[in-house]
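Novice: What follows is a single structure, and I will ask about it in a moment.
The values are calculated or read from the model by the stated rules, or taken from the named source; none is laboratory data. Predicted model only: the values in this text are computed from it and were never measured. Positions of Cβ are generated from backbone atoms using ideal geometry, with glycine treated the same way; all protein chains shown enter the neighbour counts. For the accessible areas, the whole protein counts, side chains as well, though only heavy atoms, and no ligand, DNA or RNA atoms are used. Shrake-Rupley method; radii C 1.70, N 1.55, O 1.52, S 1.80 Å.
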Amino acid sequence: MATAVFHQSIGTHQSHGHLYNSGIHQELGKSSVRLISKAFEVDVGLSRRVCYNSGQRNLGVIRASTSQTSVIDHVSSPSKNKESESRKKSNEAALILIRHGESLWNEKNLFTGCVDVPLSKKGVEEALEAGKRISNIPVDMIYTSALIRAQMTAMLAMTQHRRKKVPVMLHNESEQARAWSQIFSEDTKLQSIPVVADWRLNERMYGELQGLNKQETADRYGKEQVHEWRRSYDVPPPNGESLEMCAERAVAYFKDQIEPQLLSGKNIMIAAHGNSLRSIIMYLDKLTSQEVISLELSTGIPMLYIFKEGKFTRRGSPSAPTEAGVYAYTKKLALYRQKLDEMVH
Ligand SMILES: O=C(O)[C@@H](CO)OP(=O)(O)O
């Protein structure tokens, strides 16, 4: 299978698969970073449990704790056999993936990971531009990470959408948050797009590299070592997540929460991060752990997939709202665009 590369590639370095030098833990250790790592470790622990459960595909417990919303229609969790049947008969749905626009730490060339940094001015512009590119594609639900740069990107992009529905953040963190954020008008609900934020779509936790300058780190530990930390599949950066570990929670979340929505015909946008999206694309495009090494995602470039009969087909990136080709991919997309045109005239 040809290696999938979106927009640009950083080259063809090979992963050597050897372990990182454990001495680096002491050298790079910073108490603030440690705190973040600790907080995250708790979550990673939980995700492991989620992953074991997710093998069964019937996730009553996880669903109950994460998918109650005031705006979303509930999708029941089908049993394994029924699921493969319903996959075959599934409705067609669009899936848009967007890596957040440039952040203030991308601008400074710092490892960011789970540090919660906002977009730069350029990132804001990229998010608006991404929004223009997808302004004719239907979006029924939005998933973002728990990090502000992905959330800003999703919200800014939606300001450009021609359908003018209002993205509404769902707050299911407590009973009170849920109760206090209810919408009491069915009409208003219909004009809203539920936005689900979940930490499992977060950037991979970069461990003790978080906050360090990428160039300085390469100068200090060698280009090859740093490339291995950044792009290999199974070598984690010091005290951080490898892509494989990131996939354990991001792909599990995608399968458990997002795929059922696609199966029911909902058009979905996911605004997330370079590495959480690399792991999801690896799953969608069935890339090998060798192929994913050269998969690079640029900031603010939307990628369109069509989900039909249980299969994901990558349709590339719409380059402009006026571009005819993208909307001709499927009848449904063409019709949607036509409706939007009629609404305006
Ligand atoms: O710093 C990070 O969090 C990521 C994305 O910007 O870096 P990398 O390019 O190494 O995946």
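Novice: Return the pair list, or none, for Cβ contacts closer than 6 Å from residues in segment 306-331 that are under 19 Å from L263 (Cβ atoms) and among the acidic types (D, E) to residues that are at pLDDT below 85 and open to solvent by 80 Å² or more (accessible area, probe 1.4 Å), at least 6 apart or on different chains.
Specialist: E309/K88
Results for (1) open to solvent by 10 Å² or more (accessible area, probe 1.4 Å); (2) within 15 Å of the ligand (Cβ to nearest atom), shown as yes or no for each residue.
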position	(1), (2)
K189	yes, no
Q215	yes, yes
E228	no, yes
V235	no, yes
Q261	yes, no
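Novice: Let me ask something else. Consider segment 269-286. How many of its residues are within 16 Å of the ligand (Cβ to nearest atom) and either aromatic (F, W, Y) or assigned to a loop (DSSP other than H, G, I, E, B) (or both)?
Specialist: Summing the residues that are within 16 Å of the ligand (Cβ to nearest atom) and either aromatic (F, W, Y) or assigned to a loop (DSSP other than H, G, I, E, B) (or both) in segment 269-286 gives 1.
Novice: Further, regarding this structure: Report yes if I268 is open to solvent by less than 30 Å² (accessible area, probe 1.4 Å) and in contact (Cβ under 8 Å) with a residue 60 or more places away in the chain, otherwise no.
Specialist: So I268 fits the description; yes.
Novice: Just name the residue that is surrounded by the most Cβ atoms within 10 Å (Cβ to Cβ) out of those in segment 90-118 that are more than 12 Å from the ligand (Cβ to nearest atom) and more than 16 Å from the chain's Cα centre (by Cα).
Specialist: A93
Novice: What number of residues within segment 131-162 satisfy the criterion of being more than 26 Å from A252 (Cβ to Cβ) and not in a loop (DSSP other than H, G, I, E, B)?
Specialist: Looking only at that region, the number is 5.
Novice: Cβ-Cβ distance below 8 Å, separation of 6 or more or different chains: which pairs start in segment 166-187 with a residue that is without any contact (Cβ under 8 Å) to a residue 40 or more places away in the chain and under 19 Å from Y143 (Cα atoms) and end on one that is among the hydrophobic types (A, V, I, L, M, F, W, C) and not in a helix (DSSP H, G or I)?
Specialist: V166/I193; P167/I142; P167/I193; P167/V195; M169/V195; M169/A197
Novice: For the condition assigned to a loop (DSSP other than H, G, I, E, B), of a type outside the set (F, W, Y), open to solvent by 40 Å² or more (accessible area, probe 1.4 Å) and more than 16 Å from the ligand (Cβ to nearest atom), what is the one hit in Q176, Q182?
Specialist: Q182
Novice: Filter segment 193-213 down to the residues that are of a type in the set (D, E, K, R) and closer than 23 Å to K108 by Cα, then identify the one that is farthest from the ligand (Cβ to nearest atom).
Specialist: Step by step, filter segment 193-213, then rank; the result is E208.
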